1. I need the shape label for chain A. Rule: rounded when a/c is under 1.5, else prolate if a/b > b/c, else oblate, with a, b, c from the alpha carbon gyration tensor.
2. What is the fewest-to-most order of A:MET319, B:MET227, B:MET140 by other Cβ atoms lying within 10 Å of their Cβ?
3. Among the complete DSSP H segments of chain B, which ones combine at least 30 Å of alpha-carbon extent along their axis with a mean Kyte-Doolittle hydropathy of 0.0 or more?
4. Looking at chain B, what % of the alpha carbon pairs are farther apart than 35 Å?
5. From other protein chains only, count the Cβ atoms within 10 Å of every residue's Cβ in A:285-298, then give the mean.
6. Tell me, how many Å apart are the Cα centres for the stretch A:295-372 and for the stretch A:85-154?
7. Please arrange B:PHE42, A:PHE317 by counting, for each residue, the other beta carbons lying within 10 Å of its beta carbon, fewest first.
8. Which percent, nearest 5, of DSSP beta bridges in chain A are antiparallel?
Amino acid sequence: MKKQWIAGLAVSASAAMILTSCSTTPSSGGSSGQPGDNPETITVYGAPTGDEQAQWEASWAAYAKANGLNIEYTGDLDFSTNISTKIQGNATPDIALFPQPGLMKAAIATGKVQPLDDATAATVKQNFTQDWQSNGTVDGKQYAVPITAAAKGYIWYSPSQFAQWGVTVPKTWDELVKLTATIRSKTNKPVWCAGFGAGDASGWPGTDQIAEYVLSSAGPATYDKWVAGDVKFTDKPIADAFSALGQILLNPDYVNAGFGDVASINSTKFSDVAVPLASGECALTNQATFLEAFFVNTKTAAGTTPTVAPDGDVWAFMMPPVGGKVSVMGGGDFAAAFSDRPAVAKFMNYLASGDHANSLITVPGATFITANQAVDVSKEADPLLADAIKTLKDPNTTFRFGAGDSMPAVVQQAFWKGTIDWINGTDQATALAQVQAAWADV
Amino acid sequence: MSRLTSVAGSTRAIRATHKTLSSPWATAGAIVIAALWTLPTFGLFLSSFRPAEDITTSGWWTFFAHPRVTLDNYAATLTATSGITVPQALINSLTITIPGALIPITVALLAAYALAWIDFPGRHLLFVAIFAMQIVPLQMLLVPLLRLYTGGLTVGGVAIFPGFAANSMSDGFAQVWLTHTMSALPLAIFMLHNSLSAIPTEIMEAARIDGAGHGRILRSIALPLAMPTVASYAIFQFLWVWNDLLVSTIFTTGKNAPVTKILADLAGMYGQQWHLLTAGTFLAIIVPLIVFFALQRFFVRGLLAGSTKG
């Protein structure tokens, strides 16, 4: 009798659920996209989640409130994979935030991305340098709004240790190599720490360092040809970069401070270098501005949380130029719209504006930087980020996206793997020939 | 006579197996395997009570040398947000999982009954076809299902299904329920069909002679007899849906995300907050544990269903 009662309950409960699911269908069908709905919903889809998601939402919260909009953001750590599923399935958001230009160009090629309207295209033209505009341009039409930027190639160090050793920040690559030798002679311990581990993307911190060196030593023209596949991995500019970095990264006297031998670079997670850097075990490490976010969970030798400032416990300088000109390699987020509703177009225009750029850099706790020319740098409280923004805004700065991110995916993966092999002791010429061979699979 | 000997033989075999399995060596082996299996979970459990900076700098086994206990991870996980908070995500998980388990079981029960006890032409072929559907991996369904949900289905100018909305990003839970139902049905129908077709024909015929229709037979005879299978499949389906990340990532929006997605998101873009995952995992495990222990007596019976017939 009891069993029958349970069974009856199960059947009626599921029947009720089916009815509910049916009854939600028309209401969800009617609620989106109809003019006059209050408030209008704009769906935004991007990679940032957790704290970064809250910071993005904060950056446009004031605009949404002033314009009576409900901006519904969905974060997805697997954005890069899932956006193509959504595009193929015709289930696109109103706006997608692309973390790199290669993926975005593939999306534009599907024909589902709406070109910017004239007003927004003009705003982008006014607020961004040619280097940035060209990443969102296909066949002369502007499709994307650059929003945030990331500057890679920062060398992190401890100002107090530098003072103690009586050394200063180097101005050229040669000075950096000399500085390394000087620190080694003073401490008699490994100088640099590095971590190339990043799950299935292991190797990227290494490929970034190679690319920074190529951009700085061979110049943007050679760099662009290399990204396009016209300059081979086995050619001199690339081989020179490996040799130059090998002087540091393959030298057991110089690495891997706080972790072990040269091979431990591969097994160390890219973010873990923050720990020995904060404690003073590691004197120098090359990582992007976002390393700042990882110092929160570290401790200095004295047991306090390190302060990030020019006179604090940790600080960073840009990788000194190998050639003459200042060049920055980095990344950036772009917004592209799949909907041409007026509210979406207006929101895109806001994202391109100096107002949103100022809002971004003043979000509490955030480490956003932007290349928007209309941004007011004086509003940035963090001196490191302010410095990065100034460098990005400078029209004399050459900016390029990370070489790996701009190459075809198979080449990028071969490049990652080649760098890992190179650290593990594979002969440089062999490793480079293997990476170059991946172009045949494109 | 031959039947008797075979029964005696199988009894002897059962006794022999029982003896082998309860020998001290087998028991010791089982304990070692269980310990090895549990060790990572145990390490995670210890980690969830360690301070964030200990978790990121040293392994959990160092806990015994320097025991420092804190509830900060749990407090931080309960208040951290990634669009929504973890408690909100737990409610979303229940909203997704309960219908996600009940709908396929209900549909599968009806289908399995029809395939087992209603004689219509082509039913065997249909059963094999349904079972063969299991070969299709879920990943292959994502794009076609998204197209169906957003664009609807029109055959020869006749709109059969209008689609949920012009824009799937602002939808409710219906897409997730339907997707879980579709991917669950082949196995559910197969399991329930096996269980229902094992009911002796005499019982069914007696019920029919007494004037019971199909509805009455299903409710009063088939379902009670198949209850262990229904319950064990319910546990399976509940756990699958609860632990699912792929379907919910593709088919839900930020505010409807289940706890699996929020946990993955909490670690942050560069994994800088991954210590929150330790506590989050144990918060997410509570509901499946309750379900498992509440239904576990059915679970064992359901697993054995059909294997010891006779």
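Every read-out reported here was derived from the displayed coordinates using simple, explicitly stated rules and does not represent laboratory data. None of the values given here were measured: they were computed from a predicted structure. Using ideal geometry, Cβ is built from the backbone for each residue, glycine included, and neighbour counts are taken over all protein chains shown.
1. Details: a/c = 1.74, a/b = 1.60, b/c = 1.09.
It is prolate, given that a/c is not under 1.5 and a/b is the larger ratio.
2. Ordered from fewest to most neighbouring Cβ atoms within 10 Å, A:MET319, B:MET227, B:MET140 come out as B:MET140, B:MET227, A:MET319.
3. B:24-47, B:86-117, B:174-197, B:275-304
4. Details: 19476 of 47895 pairs.
Across chain B, Cα pairs with separations above 35 Å total 41 percent.
5. On the way: counts 0, 0, 0, 1, 0, 3, 2, 0, 5, 4, 1, 4, 10, 3.
That works out to 2 on average.
6. 18
7. B:PHE42, A:PHE317
8. Bridges in chain A that DSSP calls antiparallel: roughly 55 percent.
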